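The values are calculated or read from the model by the stated rules, or taken from the named source; none is laboratory data. Note that the coordinates shown come from a computational prediction; the quantities given were computed from them, not determined experimentally. Cβ placement follows ideal geometry from the backbone for every residue including glycine, while neighbour counts extend to all protein chains displayed. These accessible areas exclude ligands, DNA and RNA; they are computed on the full protein's heavy atoms, side chains included. Shrake-Rupley method; radii C 1.70, N 1.55, O 1.52, S 1.80 Å.
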Amino acid sequence: MMFIRQLSICLTLLFSPFVASDELQQAAIASAHPLATQAGLEILQQGGNAFDAAVAVSAALAVVEPAGSGLGGGGFWLLHRAEDGFQTMVDGRETAPAAAHRDMYLDDNGKVDKQLSLDGALAAGIPGVPAALDHLSQHYGRLPLTQTLAPAIRYAQQGFSVTKHYQQLAQFRLTTLNQSAEARTTFLTNGQVPELNSKIIQHNLAATLQQLAQHGRAGFYQGEVADKLINSVQQAGGIWTQQDLRNYQVKERTPITGSYQGYKVTSVAPPSSGGIVLLSMLNQLEQLDYQHADIHQQRHLLTEVMRRAYFDRSRYMGDTDFVSVPVQKLSSKTYAKTLAATIDNQLASSSKQLAAPPSKGEDTTHFSIIDNQGNRVSATLSINYPFGSAFVADGTGVLLNDEMDDFSAQIGAANVYGLVGNEANAIEANKRPLSSMSPTFIENDQQLMVIGTPGGSRIITMVLLGILDFINGEDADTIVSKPRFHHQYLPDVIQVETPGFEAAELTALEQRGHNIKPLNRRYGNMQIIIHDKHSNSLTAASDPRGEGMARVH
Ligand code: GLY
């Protein structure tokens, strides 16, 4: 057995140009919160590897960035193991409870009641993060959960400071947070947004994390924590059962891989649409005269490839454990050629002419890690809307997701972001809702980038723009800072960050027939690490739009 494993490592090293043979002298972490980055560094210093650090960072984010992700949510961890080049996607996405059904968010008139899929216990899928942390630790880590969860437990007990970003998101979800007794006492002060720099202390969450640390997944999905979760959810009108919690399974999936301009791209498979949509866009660009076009023409071409890839997202994509998705076809270069052939070099096409409906999302979080062995993690985690369902299960400190809104509540009905979905992503018992989360690696023999970001349906186009800047030789700080734009098939508009673009830049797109929608804000919170293989050095950057921290040490 050992011989076969060693032989396989040797063969991988011989035949893969992408496996780094040199160990790094450095490690790096970029995450959306300084305390989460520190938690990961602490674990690396204690002898943990990147996968242990990923457990520590995920758990710390669950405590200190409660609006973005948490134990009550889900996520995808894309892993690269240095010793043998093995890559996998750990899928800890939420599942629909067994009692879920396709009409569960319709009112008596057959119309979607948006509040039901967004606010409160009925909006929550069965969480995957606790099981995924246990899985990561058991299968890939070196340290026990008692050690890797220790920083998060400490942060929950000692508190974290309220920032402006926290205040804005708490204000946004104020009404709903006030409807859950434990959410109100945990995240608000007398029902109001807490003062800047005041402390958010979470003793119940610390106790739940301790159960997870001591008993692994059983500490969350069985026993006292599970009892409290089920009682609280059912009392608040939710449909979770003990069986749902016991049945939750982490899945390991083969990542989606492809190439662009000689780079290998590795990203996530369904139930995320991220990898397929990203490759579709890159494959289409390869068919077009993109590299030699001026900046205005490049943006026109980018918009057109985004439009087509997101159109396919809306038509074909859902949880592949339940529906058949033509993954090979959609991510193939041959198919991209047929899509690119429909792009007019001068003029915008119309999304209406393509026919049918698309995607979603807003909050969420991302972190990237490389350790000094070359192990890496790109992880995007979510509870969906800011503060998820805004419902905390009594006595647990666990803020539940509202990821059920990532399903199509009704074919053709718009979700909270004005987007519509289809049959492949209809609600079914135990199914995973379609996601846009896109943790990704891109590399050639010169350089490597670990990249990802929150931002709902815009995640995939942010990762695309980041990849193109990386290939263009931009440094880490520039990649995370540059202005962004996005097209997702419907609505048929280019969404642009403001501030970001000059009037003349927008006019150049309008002259090609595109509709521009300024967003009056910036979006995303990208966390990247770049490995320059020549100098064997790392650089890392955290998006200036957020409050995160990137460190190389
Ligand atoms: N909830 C955001 C996403 O998974 O796309």
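Some points to look at:
- For the range 197-272 versus the range 283-357, the inter-centroid distance based on Cα atoms is 33 Å.
- Segment Val493-Asp321, extension gain: residue separation times 0.36 nm, minus the distance between their alpha carbons: 58.6 nm
- When +1 charges are put on Lys and Arg Cβ atoms and -1 charges on Asp and Glu Cβ atoms, the dipole computed for the range 417-553 relative to its Cα centre reaches about 380 debye.
- Gain on full extension, evaluated as 0.36 nm per residue between Asp227 and Leu347 minus their Cα-Cα distance, stands at 37.3 nm.
- Normalising by residue count, the range 170-221 has a Cα convex hull of 96 Å³ per residue.
- Probe 1.4 Å, accessible area per residue of the chain, Å²: 36
- Net charge of Cβ neighbours under 12 Å - reference His135; Lys, Arg +1; Asp, Glu -1: -1
- Amide H within-cut-off set for Gln373, under 5 Å, with H built and near neighbours excluded: Leu24
- FRET efficiency, 1/(1 + (r/R0)^6) with R0 51 Å, evaluated for Gln235 and Gln25 via beta carbons: 0.40
- Computed over the range 483-553: relative contact order in percent, which uses C-alpha pairs under 8 Å that are six or more apart: 23
- Mean residue ellipticity, 222 nm, helices only, the chain: the sum of -39500 (n - 2.57) across DSSP H runs of n ≥ 4, divided by residue count and rounded to 500, is -10500 deg cm²/dmol.
- For Ser436, the amide hydrogen comes within under 5 Å of the amide hydrogens of Ser273, counting only partners 5 or more places away or on other chains and with H modelled in the peptide plane.
- Sites Leu519 and Gln446, calculated FRET efficiency, Cβ-Cβ separation with R0 45 Å, nearest 0.05: 0.80
- Residues whose placed amide H lies under 5 Å from that of Val112, excluding near-sequence neighbours: Asp107
- Sulfur and carbon atoms: percent of accessible area, the chain [1.4 Å]: 49
- Dipole in debye (nearest 20) - the chain, about Cα centre, beta carbon charges: Lys, Arg +1; Asp, Glu -1: 300
- Residues of type lysines that Lys431 reaches as a straight line, Cα spacing below 29 Å, ignoring anything fewer than 8 places off in the same chain: Lys111, Lys114, Lys228, Lys251, Lys329, Lys360
- Applying both filters, DSSP loop and at most 12 other Cβ atoms within 10 Å, to the GluC sites (Glu not before Pro) of the range 412-508 gives Glu502.
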